[in-house]
Amino acid sequence: MAKPDRDAEFTEYVSARQAWLRRVAFLLCGDWHRADDLMQSAVTKLYTQWHRARRFDNVDGYARRILVNTFLAEQRSGWAKWTMLYRFGGGSAADPEPDPAATVDLELGLVVKTALARLSLRQRVTVVLRFYCDLSVEQTAEAMGCSAGTVKSQSARALANLRNLLEPNLIPDMEVTR
């Protein structure tokens, strides 16, 4: 396939999946500005590997793996650790509002965002992949580069932590089912 056709195919894919990639990035990092940067880095890496990615039956899985790996690599860097000291809890009032389809109830969305931000890094990635991206244990393990047992234990710990963080007495006028 010629380079212009390759570029057109890549552009079509990214245009169609951009909103989804941005939402996954946001759920991973908890900040819309950082999600945009994360998505841009992942899309750039995807472009350099497009010749390989387009051969897969599941291009979304390939893109999601790049996104998760990019996020995890950023978290391990010294810069991320330094900036996290100044950004605990996520974005600022200047963050753009998510699109209406992404959040049905803004108040509940903020509560869940805060709870996700308080999970450990691996627990947050596990929750996003398992329950937002709807991946199986095996698919999540493959995306994270770990064993299925690790995914199961991280899921169990994450859900227990979320239950504690989302206790009904912490959320006024809302019921949280267990």
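The values are calculated or read from the model by the stated rules, or taken from the named source; none is laboratory data. All figures in this text were calculated on a predicted structure; none of them were measured in a lab. FYI the Cβ positions are ideal-geometry reconstructions off the backbone, even for glycines, and counts take in every protein chain you see. In case anyone asks, the SASA skips ligands and DNA or RNA and just uses the protein heavy atoms, side chains included. Shrake-Rupley method; radii C 1.70, N 1.55, O 1.52, S 1.80 Å.
With respect to (1) open to solvent by 60 Å² or more (accessible area, probe 1.4 Å); (2) under 20 Å from C133 (Cα atoms), the lone exception for P4 is condition (2).
Working only within the range 138-148, note down all residues that are outside any loop (DSSP other than H, G, I, E, B) and within 18 Å of L28 (Cα to Cα). Lay out the reasoning, then the answer.
So in the range 138-148, the residues outside any loop (DSSP other than H, G, I, E, B) come out as 138-144, 148.
Answer for the range 138-148, where residues must be outside any loop (DSSP other than H, G, I, E, B) and within 18 Å of L28 (Cα to Cα): Q139, T140, A141, E142, A143, M144.
Set side by side, the residues R17, R54, R23 differ, and just one is touching a residue at least 40 places away in the same chain (Cβ under 8 Å) and closer than 23 Å to A115 by Cβ, which is R23.
Mind telling me which of the residues L72, L21, L38, L85 ends up being modelled with pLDDT under 90, open to solvent by less than 40 Å² (accessible area, probe 1.4 Å) and either of a type in the set (A, V, I, L, M, F, W, C) or touching a Leu at 6+ places or on another chain (Cβ under 8 Å) (or both)?
Numbers: L21 fails: modelled with pLDDT under 90; L38 fails: modelled with pLDDT under 90; L85 fails: open to solvent by less than 40 Å² (accessible area, probe 1.4 Å).
After applying the criteria, what remains is L72.
For the residues V151, V125, the requirement of being within 14 Å of C29 (Cβ to Cβ) and outside any loop (DSSP other than H, G, I, E, B) singles out V125. Just to be sure, is A102 open to solvent by less than 50 Å² (accessible area, probe 1.4 Å), modelled with pLDDT of 80 or more and hydrophobic (A, V, I, L, M, F, W, C)? When the stated conditions are applied, A102 does not pass them.
Count of the range 41-69 residues, restricted to those that are open to solvent by 60 Å² or more (accessible area, probe 1.4 Å) and outside any helix (DSSP H, G or I), is 5.
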